[in-house]
1. Suppose each label sits 7 Å from its Cα in the direction of the beta carbon; what would the Ser210-Asp149 distance come out to in nanometres?
2. Which length gain, in nm to one decimal place, applies between Ala371 and His351 when the Cα-Cα distance is subtracted from 0.36 nm times their residue separation?
3. First compute the accessible area of segment 20-85 with a 1.4 Å probe, then give the percent of it belonging to carbon and sulfur atoms.
4. Can you give me the three principal axis dimensions of segment 1-77 from its C-alpha atoms, in Å, biggest first?
5. Looking at segment 281-325, I'd like the Rg to Rh ratio, where Rg is from alpha-carbon atoms and Rh is Kirkwood's inverse mean 1/r.
6. Given the alpha-carbon gyration tensor of segment 63-103, what are the semi-axes of its equivalent ellipsoid in whole angstrom, ordered largest first, with each equal to the square root of 5 times an eigenvalue?
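The values are calculated or read from the model by the stated rules, or taken from the named source; none is laboratory data. On a predicted model such as this, the values are computed, not experimentally measured, just so you know. Cβ placement follows ideal geometry from the backbone for every residue including glycine, while neighbour counts extend to all protein chains displayed. Heavy atoms of the whole protein, side chains included, go into the accessibility calculation; ligands, DNA and RNA do not. Shrake-Rupley method; radii C 1.70, N 1.55, O 1.52, S 1.80 Å.
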Amino acid sequence: MAGSIVLFGATGYTGRLTAEALVRRGVRPVLAARNAQRLTAMAAELGGLESEVADVSRPESVRALVSGEDVLVSTVGPFIRWGAPAIEAAIDAGATYIDSTGEPPFIRDVFERYDEPARASGAGLLTALGYDYVPGNLAAALALDRAGDTAVKVDVGYFITGRASPRQAMSGGTMASLAGVVMSPAFAYRDGRLVTERSAKRVRTFTTGSGKKLTGVSVGSSEHFAKPRTHPSLREVDAYLGWFGPASRAMQAMSVAGELSAVRTGVDKLGRRFVKGSSGGPDEAARSRTGSLVIAEAFNAGGTLLSRIELKGVNGYTFTGEMLAWGAQRALEHGVRGAGALGPVEAFGLHELEAGCAEIGLAADPAATTAGAG
């Protein structure tokens, strides 16, 4: 019996973007969420789709959504709080699991806690399969392929382009969680191993192909786990978020002070200022005014730049909805390359992922691509 794509969290902001992208691809996903009234209305609006009520507070209802031939896509966050029922249901069923998280602690859980049981059951786990953190995985892989085996370090930077303030460019949920992510323990890849370090410990400035300088703060991401597996010569992997712009140094200072309860309380209050509800976020017109820029640079042991890639394209939310849909459809029709926790290049292959991203609207800028001496 052919499997289905089950979209859990369908009535939320990212869930709806994903559902609409799937329908445009000719796929009829099963929509799942906790609010029966909203779910029924959305299923009817998108062409009479099948729907199921499920709630993370009742894990058995999530488990009932999925069988071994299915692809379960979860957009229910915060994942560190609500993510376990969906990933555990997929592992139990031996199904393919995809999520939209950008939370470093949950990404680490997927690779360190859930990898072994998923391998045992045959489940493929694709965490952070959206703007967090597919573009950086792709850009890093392209840069490293051009650099060759002498590359021991890769840096990735994520930036927003266009004319919009962070508040206009991000959903309420993203704004509410970003400061919290910076305050939480994260990780990095140093000297050939994963190490724990605070988010925003490092600040780095990238220079674009056009000469513009963009600054970001370090963050834990799926690149730290996935890149060393596909490129064993790596000794160091860094990922940076450039969404704070000139405030990057301030975010670094906040991370240093993060152990102070008074600071944490202030950050919580700051986050609540931006909350517009779990389904609130930039509409299509707002998303069209911003885009994505992702930079990857590979270096040798002496610190010489070997290669550089810039990916440019659509708004991050648009990319996330389209990528979740692309990944789910491809996983359903062709499967993924292995079981356990997988990076996107491992799961689909470099050329397939590059083509999928280009189809969505994110591609390398040839004018900003460089290759130094290897």
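1. According to this spin-label approximation, the distance is 4.0 nm.
2. Numbers: separation 20, 0.36 × 20 = 7.20 nm, distance 1.90 nm.
Stretched out fully, the Ala371 to His351 stretch lengthens by 5.3 nm.
3. Numbers: 1620 of 3370 Å².
In segment 20-85, the share of accessible area belonging to carbon and sulfur is 48 percent.
4. Computed over segment 1-77, the largest-to-smallest principal extents equal 30, 30, 20 Å.
5. Value, to two decimals: 1.21.
6. Computed over segment 63-103, the values are 18, 10, 7 Å.
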